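Rule-based calculations on the coordinates, nothing more; no lab input. Predicted model, so just to flag it, every value in this text is computed and none were measured. Here the Cβ positions follow ideal geometry from the backbone for every residue, glycine too, while neighbour counts run over all protein chains shown.
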Amino acid sequence: MSSPCIDICDDYVALYDRGGTDVYVMNTTGKKGVVTTSKPILRACVADNGSVAVLMNQQSVSYLEIRDINGELIASGETHAENTGIPIDIAFTEDGTRL
């Protein structure tokens, strides 16, 4: 990892490489899952149930995805710089219900 980042919520940890495409979800018992994206990761947040919110950026479009602990897509969306600007950070509620 060239730019490792971490996010912690209760017993869960999300470990990822800024600019990479994988988020490793772990807790006190070990690795629980891997979320793989198709675009470079800017920021990731983990909730207390192991779900992960991921902010990705490619050219002038930002992509947001929420995935469960198994990597299954729960929700997604995108923002365009010319319409709404480019988000530089995200926050995820502890229970994973609000982004």
Note on the chain: contact order normalised by length, alpha-carbon pairs under 8 Å, 6 or more apart, percent, works out to 20
I need the peptides 78-91, 35-48, 55-68 ranked by packing, meaning the mean over residues of other C-beta atoms within 10 angstrom, with the highest value on top.
35-48, 55-68, 78-91
The range 40-99 and the range 4-19: distance between their alpha carbon centers, rounded to Å:
13
Semi-axes of the equivalent ellipsoid for the range 1-67, Cα gyration tensor, largest first, Å:
20, 12, 9
Go ahead and estimate [θ] at 222 nm for the chain from helices alone: -39,500 (n - 2.57) per DSSP H run with n ≥ 4, summed, over the residue count, rounded to 500.
-500 deg cm²/dmol
Net charge of neighbours whose Cβ lies under 12 Å from the Cβ of Asp95, counting Lys and Arg as +1 and Asp and Glu as -1
-2
Taking amide H positions as placed in the peptide plane 1.01 Å from N, state which residues far from Arg43 in sequence (5 or more) or on other chains have amide H under 5 Å from it.
Leu55
So Met1 and Ile90, fully extended at 0.36 nm per residue minus their Cα-Cα distance, gain in nm 29.9 nm
Need the full-extension length gain, Asp48 to Asp10, defined as separation in residues times 0.36 nm minus the C-alpha distance. One decimal, nm.
13.1 nm
Between Glu82 and Thr28, what length in nm is gained on full extension when 0.36 nm per residue of separation is reduced by their alpha carbon distance?
15.2 nm
